[in-house]
Amino acid sequence: MSEKLFRKIHSSNLIYNFCWEDPRLDRKAMELDSCSKLLMITSAGCNALDYLLDEPEAIHCVDMNPAQNALLELKIAAIKELDYDDYFQLIGRGGHPEFSQLLNTKLKPHLSALSYEYWTSRTKELSKSGTIVKIGTCGFYAKLVRQYFKLTGLHGKINQIFNEPNSRLATERFENEIKSHPAHKLLLGMMNLSKLSYLLGVPPSQLELIEKTHHMSLSKFVENVLRSLAAYPEKDNYFYQIYLNGEYTFDAMPDYLREENFLKLRALVDRVTVVTGNLAEYAQQKPEYFTHMVLLDHMDWLASRPEQLYKHFEMLSSSLATSGRAIWRSAGTYEGFLAIIQPVLQGVYELNHELAEALHFDCRVKSYGSFFIADKVAR
């Protein structure tokens, strides 16, 4: 029942309005160049556009959810057709007062029929700034939490922690002002309701992985994430800036939204291919074609069914050239997820644990338990 409900929510709605994987560490892990060809899951499309700044030969974005692809197609169309101010107003600020006109006169030729239909049904909402921040189940969840923080007085306190450059002081504030706050305790308690976590795109198998490998509940895991954010504050942490305050700042925004990168993106954006379909089936159509695979936390979804996971990974692996590199994340600990995936890696992949661990430490999101870098050494 839980699995069916999650899949129903995930297949029929926009889930992710922003990517929750730090592209800064991905780009360091992949070392892309003009010969690189990437296969990746679309998600919200943010990271594909950040990767594009490293000028790879091609990026293939695949997602079974057409709503996720509609969001990336909208971003690509805006890059192609709008000037920077209109582009940032629509994508960076999340809406444009003339969205309907822009959609029908400039953006439509660059959208698939499904994506055009998706955005046509939302022209009224997209005419207001901040809409992209609120759409999707993650956006809806974030909006509720943001309002809850404001009502309970937590909003200002959390902002102070994120803006405190001294990690010792930030940690003390978390322990003294946030952790013991009744509103904080209630929110964490609500996070243990699995059906609410589905809105964040967290499937039952991932919840189980957190509990089994970290030996803690989701609420305790989230509390540890918040404590880590306080211990290692970063001024450019746009992931929490956008959800906490509903907007980016000059210091905290993705690279693909920065004005200095706009014309470069426009020159490169035709290298992105967007596909609605099954990632593994698409991979099998491109044997040994890709040099890199970006799998997000996708394999967590099959962690409770190892035989399906192995078959799925082998299908994906068939598209990766020898010496190619795959990267992924897990909510589980490194050792915990490695124990699950190891049989299908044996003799085919070498793990670069040292680099993965170093990059994972510097991750601005801090909501994943582990990061993997795997190099293909054999067919």
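Brief remarks follow.
- Links that overshoot a 29 Å alpha carbon limit, given the list LYS185/LYS366; LYS80/LYS150; LYS235/LYS376: LYS80/LYS150; LYS235/LYS376
- A Förster distance of 51 Å, applied to the separation of the beta-carbon atoms of SER228 and THR105, puts the FRET efficiency at 0.65.
- Entry for Rg and Dmax of the Cα atoms in Å (calculated from the structure that is shown) out of (1) 21.4, 70; (2) 19.7, 64; (3) 20.2, 56: (3)
- Peptide ranges 248-261, 26-39 listed from the most packed, as the mean C-beta count within 10 angstrom indicates: 26-39, 248-261
- Cysteines (scope the chain) whose Cβ has no counterpart Cys Cβ under 4.7 Å: CYS35, CYS61, CYS138, CYS363
- Averaging the sequence gap over all C-alpha pairs within less than 8 Å and six or more residues apart, then dividing by the number of residues, gives the chain a relative contact order of 21 percent.
- The slack between ASP85 and PHE250, meaning 0.36 nm per residue of separation minus the straight C-alpha distance, is 58.0 nm.
- Between segment 299-346 and segment 204-276, the Cα center-to-center distance that results, in Å: 22
- Extension gain for ALA113 to GLU98 (0.36 nm times residue separation, less C-alpha to C-alpha distance): 3.3 nm.
- Per-peptide packing, taken as the mean over residues of other Cβ atoms within 10 Å, places 141-153, 48-60 in the sequence 48-60, 141-153 from highest down.
- Burial ordering of LYS376, LYS264, fewest other beta-carbon atoms within 10 Å first: LYS264, LYS376
- Net charge in the neighbourhood of VAL275 (other residues with Cβ under 12 Å of its Cβ; Lys, Arg +1, Asp, Glu -1) is -2.
- Length gained on full extension, GLU354 to SER167: 64.8 nm, using 0.36 nm per residue less the C-alpha separation.
- Segment 348-360 - phi-based ³J(HN,Hα) in whole Hz, Karplus 6.51/-1.76/1.60, Gly and Pro as x: 10, 10, 10, 8, 9, 5, 4, 5, 4, 5, 5, 5, 4
- Modelled FRET efficiency - R0 25 Å, TYR310 with MET64, Cβ distances, 0.05 increments: 0.80
- In this simple spin-label approximation, GLU288 and HIS181 carry label points 7 Å from Cα along the Cα→Cβ vector, and these lie 5.6 nm apart.
Each value in this text was obtained by applying a stated rule to the coordinates, not by laboratory testing. If you're wondering where the values come from, they're calculated on a predicted model, not measured in any experiment. In this analysis, Cβ positions are derived from the backbone assuming ideal geometry, glycine residues included, and neighbour counts consider all displayed protein chains.
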